[in-house]
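Written out below as structure tokens is the structure these notes cover.
The values are calculated or read from the model by the stated rules, or taken from the named source; none is laboratory data. As the structure is a prediction and not an experimental result, all values here were calculated from the model. Note: ideal-geometry Cβ built from the backbone for every residue, glycine included; neighbour counts use all protein chains shown.
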Amino acid sequence: HLMTISGRAEGEDPVPGSNDPRYGLDHFGFEVDDMEEAAAHLRAHGAHFICEPWTMPSGSTVAFIEAPDHVSVEIIQRPKG
């Protein structure tokens, strides 16, 4: 699933941003149904995790891998229900 841009979920606190000028894309994300399965598949295909899967206070599990040009790819599994 391609992730859509959305506001913060209940229980999530925004991370302070930066006003420094920047060119290019910082990150984009994909929503998955099973983080363990997705992480195993990505590792088997040589993905470099810059942030291992972890569970946020909202119950979502997120991870980040590094794509070419140092673009981060967010992988997220939302809580079921």
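Filter segment 52-78 down to residues that are under 11 Å from MET35 (Cβ atoms) and loosely packed, with under 15 Cβ neighbours inside 10 Å, then give me how many there are.
3
Quick one: count up the residues across segment 35-60 that are in contact with a strand residue (DSSP E or B) (Cβ under 7 Å, 6 or more places away or on another chain) and outside any strand (DSSP E or B).
Result for segment 35-60: 8.
Report, by residue number, each residue of segment 40-79 that is small (Gly, Ala, Ser) and under 13 Å from the mean Cα position of the chain (by Cα).
SER60, ALA63, ALA67, SER72
Take the residues of segment 1-51 that are modelled with pLDDT under 65 and under 15 Å from ILE75 (Cβ atoms): which is surrounded by the most Cβ atoms within 10 Å (Cβ to Cβ)?
Taking the candidates together, the pick is MET3.
Given the conditions (1) modelled with pLDDT of 90 or more; (2) assigned to a loop (DSSP other than H, G, I, E, B), and given that PHE64 satisfies all but one, which numbered condition is not satisfied?
Every condition holds for PHE64 apart from (2).
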